[in-house]
1. Could you tell me whether L164 is touching a helix residue (DSSP H, G or I) at 6+ places or on another chain (Cβ under 9 Å) and in a loop (DSSP other than H, G, I, E, B)?
2. What pairs come up if the first residue lies in the stretch 120-146 and is free of Cβ contacts under 8 Å to residues at least 12 places away in the same chain, the second is among the polar types (S, T, N, Q) and crowded, with 18+ Cβ neighbours inside 10 Å, and their beta carbons are under 6 Å apart, counting only those six or more places apart or on different chains?
3. So which residues in the stretch 119-165 are within 15 Å of H8 (Cα to Cα) and charged (D, E, K, R)?
4. Suppose we filter E67, E81, E72, E104 for residues that are acidic (D, E), without any contact (Cβ under 8 Å) to a residue 24 or more places away in the chain and more than 30 Å from A154 (Cα to Cα); which single one remains?
5. Among residues belonging to the stretch 91-125 that are of a type in the set (A, V, I, L, M), part of a loop (DSSP other than H, G, I, E, B) and farther than 20 Å from H16 by Cβ, point out the one that is nearest to the chain's Cα centre (by Cα).
6. Any idea which of (1) under 18 Å from the mean Cα position of the chain (by Cα); (2) over 21 Å from R58 (Cβ atoms); (3) part of a loop (DSSP other than H, G, I, E, B) is the one A154 doesn't satisfy?
7. Is there a residue in the stretch 76-86 that is buried (at least 16 other Cβ atoms within 10 Å of the Cβ), over 14 Å from the mean Cα position of the chain (by Cα) and assigned to a loop (DSSP other than H, G, I, E, B)?
8. Yes or no: the stretch 19-37 includes at least one residue that is surrounded by fewer than 18 Cβ atoms within 10 Å (Cβ to Cβ), in contact with a strand residue (DSSP E or B) (Cβ under 6 Å, 6 or more places away or on another chain) and within 28 Å of T149 (Cβ to Cβ).
Amino acid sequence: MNRVLANHLQRLLAYHGWAYMRLCGQLASLSEEQYRAPCGLFFGSIHGTLNHLAVADRLWLARARFEAQPFERLDVEVLSERTALENYLEMGVAGWRDLLEGLEDADLLAPIAYRNLAGEQHMRPLAEIIPHLVNHGTHHRGQISAALTAMGQAAPVLDYIYALPELP
């Protein structure tokens, strides 16, 4: 059983979850007004950006599981309550990690077919989709970190290298 790639992708997903929880821990100090205020992010607010991340993570997970598309837009509000949204993000990462549990490297290199939100057909292997997913999360977490800094708040350190000692 060859699982070198699978193990690497599991670590990337563990980092993805670690970064979410670390960021959400920092966001706990924000008032509801700060959390929901428009702050120049593509999805408006910190809340809007976290919702977008939840949508994107679950869209890709549904595609990987060959399930129906759970959302029709990237800006839909999945959950309005902070803690529920944080739990939803955590459960999404757990879903990804569970999906990888039984897969071997060859499975991760086989292209899967999916449709994007515009209905266009694409094919990519999970070995490319998962790094895309984590990179997408890093991009938007970075935007949220910049918004925190602009508010005069501390932004958490979210670099992968700093997560490694804490990852399984």
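1. Details: touching a helix residue (DSSP H, G or I) at 6+ places or on another chain (Cβ under 9 Å): yes; in a loop (DSSP other than H, G, I, E, B): no.
Against the criterion (touching a helix residue (DSSP H, G or I) at 6+ places or on another chain (Cβ under 9 Å) and in a loop (DSSP other than H, G, I, E, B)), L164 does not qualify.
2. Within 6 Å, no pair qualifies.
3. The answer is E128, and nothing else.
4. Values: E81 fails: more than 30 Å from A154 (Cα to Cα); E72 fails: without any contact (Cβ under 8 Å) to a residue 24 or more places away in the chain; E104 fails: without any contact (Cβ under 8 Å) to a residue 24 or more places away in the chain.
Answer to the check: E67.
5. So in the stretch 91-125, the residues of a type in the set (A, V, I, L, M) come out as 91, 93-94, 99-100, 103, 106, 108-110, 112-113, 117-118, 123.
Now narrow it down to the ones that are part of a loop (DSSP other than H, G, I, E, B): 103, 110, 117-118.
Within this subset, residues satisfying the condition of being farther than 20 Å from H16 by Cβ are 110, 117-118.
Values: A110: 22, L117: 17, A118: 21 Å.
Result: L117.
6. A154 satisfies every listed condition except (1).
7. Narrowing the stretch 76-86 to residues buried (at least 16 other Cβ atoms within 10 Å of the Cβ): 78-79, 82, 85-86.
Now drop any that are not over 14 Å from the mean Cα position of the chain (by Cα), which leaves 79, 82.
Those still in the list that are assigned to a loop (DSSP other than H, G, I, E, B) too: 79.
Within the stretch 76-86 (the criterion being buried (at least 16 other Cβ atoms within 10 Å of the Cβ), over 14 Å from the mean Cα position of the chain (by Cα) and assigned to a loop (DSSP other than H, G, I, E, B)), the answer is yes, since at least one residue qualifies.
8. No, every residue in the stretch 19-37 fails to be surrounded by fewer than 18 Cβ atoms within 10 Å (Cβ to Cβ), in contact with a strand residue (DSSP E or B) (Cβ under 6 Å, 6 or more places away or on another chain) and within 28 Å of T149 (Cβ to Cβ).
The values are calculated or read from the model by the stated rules, or taken from the named source; none is laboratory data. This is a predicted model, so every value here is computed, not measured. Quick reminder, even Gly has a Cβ in these numbers, built from the backbone with ideal geometry, and neighbours come from all protein chains shown.
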